[in-house]
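What follows is a short report on a single structure.
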Amino acid sequence: MARVEWTRQSGEDVEAVVAMLLCTEYPNAWRIRPGRGDGGVDVFVPLSDDRALRDVYQVKKFASNLTSSQKRKIRASFDELLKSAEAEQWEISSWSLVLPLDPTPVNEAWFGQMTADVVFPCRWVGLNRLDLFAAQNPMVIDYYLRDGKDRLQQQTDLLASVIARRADRTPGEALQPLDVRSDLMEIYKAINAYDPHYRYELSMTASPPDGSEANRPGMVAQVAYGSPDGWLLIAIFARSLAALEERPITGEYSVKIDEGSDLDTEYRRYHEFGTPVSLPRGSVNVRLSLPGGLGILDSDDIDVELSVSPSETAPDERTETELVVAVLSPDESTLAELEVRLVERTRGPAGGTRTVWEGPSGFVRLEILASDYPNLTVNMQVTTDPAGRRPADIVDSLEFIANLHDPNTLGVSTAYGPRQFSAISTSTTGRERDMSVVRLAKIARALVTIQQHTNKRILFPSSYTGDQAREMIDVAKLLSGEAISFTWPEIRVDLEPDQDFPFQVSDEAMFRLVQALEISLDSGRLEVGKRMAIIQGRITELTATRLVAVPTGDDRAQMLRFDGDEQPGRVQTREVPRTTNPH
């Protein structure tokens, strides 16, 4: 392909072509439409998910040696960029001036002086680099500056004729898969040779598409042609984000929904707040304008399903992205609170807004609908599957859910400053206390305490018995310094051979028992410390290897945490103190 004569192109064409070359080189680039308010940015490549860190490209059409006026325009765009980044609170990783002109030594000196005071790298991307981009992406040059649009239509017309010819083969004519290899490869090459916006993939299957490939990166549509005998699938992929602006896929749809039905309610919520809605077969007609010469897709004669979801609305500097929600008792004291973050924000065609908030564990999800602030509708969804999770990550969410029942209410506050909760009503009104969640919260809190006393990683068990749950809670109490009362009908202790007891059967004695402090997890028994009990009883059996005793009076005793050096399993005894009668 011949080199581009940049000096013969209009300024508008130069800027459009250079911007598309950059977007083709960096498919995730964002193109800012020329005009007032572009903030000194023509193209930027986001380097973080929130687009707060950006490589910025400023495109200029100047193809001859820079004049003073042109330098002032470049300087003005650069200054505007610095102001925009500060005002909109995003960071510049690098800045590139892109134009079809290589710098002279005088230009380099001026450019270096202009950018001397900034901390990010600045580059001059000139004619040589643009010629390289153009050579690597001839379809962009051909489409925008030559006859590529006409050639693209010719190729798609060829595709249509080939498909039609294959469909009209005479009955009985033998055809092997290998026979069509060359044709298919030529078709694939032809349809992808001239379209700078989209790429097309062809496949043949025995069944219609099932939607399993809908999330392939870059895929914007899939068209299927077929019958019970077989299907031709054409998948359409955007070559860059900018392609969707240069050649958008547009369309319209109409719905047929029974008034007052559940689907009618869901669709009204979409229309007012932007809540996603799925329209089943028989309820919608769709008409789409597809690229690549594939024409108009009209579903009037086809049953289609449609999922409708508006584009998310980006938060601005006034939008709260973190909140604190709390469960408030009837006297408005805080029973549990949870920080939530904004994960989705939509606006319905009617102007209402919808925000979705999620807690750190994903157990709590709030949907807040607002059409006439401060009147809000709050829907809450809670899930509880703690198995395999770190207790510290889920305990706050579980305690929040455990307290979320009547007559308690929900309050919302900002995440900074003093807590000032505003009570709101939710879809959980009438909720009864869920004792299973209460138990989960207690176990999680106990495991958080136990984790502080062992360097073995503890995960919430996938299964446990009631006795094992009570054991976890009791072990946490002992580790926290609490005493636990228990009853004992008898004790049976295996003695070590070197233990010598100066007692006989029927004697009373004081016994100090040191035992391992353990809990049951999916991985087995985990020892986290020691415990001790002091009890008084009468010996009923004593051999060289076993001691059995029963209470002599009160069968209640206390268990305490033990931090001494004595090993678990040892039993110490001493004589029961005798009281003497002075009379």
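Computed from the coordinates by the stated procedures, all read-outs in this text should not be read as laboratory data. Keep in mind the model is a prediction, meaning the values are calculated, not measured. Here the Cβ is made from the backbone with ideal geometry for all residues, glycine too, and neighbour counts use every protein chain on show.
Here are the numbers for the structure shown:
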{"quantity": "Alpha carbon centroid spacing (whole Å) that separates region 208-270 from region 330-377", "calculated": "29 Å"}
{"quantity": "For region 322-442, with +1 on Lys and Arg beta carbons and -1 on Asp and Glu, the positive-most of SER436, TRP357, PHE421 along the dipole", "calculated": "TRP357"}
{"quantity": "Helix axis angle, 105-114 relative to the chain longest principal axis, alpha carbon, degrees", "calculated": "40 degrees"}
{"quantity": "Helical mean residue ellipticity (222 nm; -39500 (n - 2.57) per DSSP H run of 4+; nearest 500) of the chain", "calculated": "-8500 deg cm²/dmol"}
{"quantity": "Principal axis dimensions, largest first and in whole angstrom, of the chain by Cα", "calculated": "127, 76, 56"}
{"quantity": "Lysines with Cα under 24 Å of LYS71, excluding same-chain neighbours fewer than 8 positions away", "calculated": "LYS60, LYS61, LYS83"}
{"quantity": "Global geometry of region 6-145, whether rounded, prolate or oblate, following the gyration tensor of its Cα atoms and the 1.5 cut on a/c", "calculated": "oblate"}
{"quantity": "Of LEU521, SER96, ASN455, farthest towards positive along the dipole that unit charges on Lys, Arg, Asp, Glu beta carbons give the chain", "calculated": "SER96"}
{"quantity": "Dimensionless Rg/Rh of region 481-575 - Kirkwood Rh, Rg from C-alpha atoms", "calculated": "0.99"}
{"quantity": "Rg over Rh, two decimals, region 322-442 (C-alpha only, Kirkwood Rh)", "calculated": "0.97"}
{"quantity": "Charge-dipole axis of the chain as Lys and Arg at +1 and Asp and Glu at -1 on Cβ define it, positive-most pick from PRO551, SER68, PRO497", "calculated": "SER68"}
{"quantity": "Charged-residue dipole, Cβ positions (Lys, Arg, Asp, Glu), region 429-583 about Cα centre, Debye nearest 20", "calculated": "720 debye"}
{"quantity": "Residues PHE511, PHE460 arranged by fewest to most Cβ contacts within 10 Å", "calculated": "PHE511, PHE460"}
{"quantity": "Values of log10 I(q)/I(0), in the order q = 0.10, 0.15 Å⁻¹, for region 435-525 under a Debye, Cα-only, solvent-free model", "calculated": "-0.39, -0.73"}
{"quantity": "Degrees separating the helix 391-402 axis from the principal Cα axis of the chain, which is the longest one", "calculated": "90 degrees"}
{"quantity": "Kirkwood Rh (inverse of mean 1/r, distinct Cα pairs), region 35-94, angstrom", "calculated": "12.3 Å"}
{"quantity": "Nearest-ten-degree value, helix 181-191 long axis tilted from longest Cα axis of the chain", "calculated": "80 degrees"}
{"quantity": "Lys, Arg +1 and Asp, Glu -1 on Cβ, resulting dipole of the chain about Cα centre, debye, nearest 20", "calculated": "1200 debye"}
{"quantity": "Within straight-line cross-link reach of LYS456, lysines at Cα separation under 30 Å, skipping those fewer than 8 residues along the same chain", "calculated": "LYS442, LYS477, LYS530"}
{"quantity": "Taking region 481-575 and dividing mean pair separation by its residue count, relative contact order in percent (alpha carbons under 8 Å, at least six apart)", "calculated": "42 percent"}
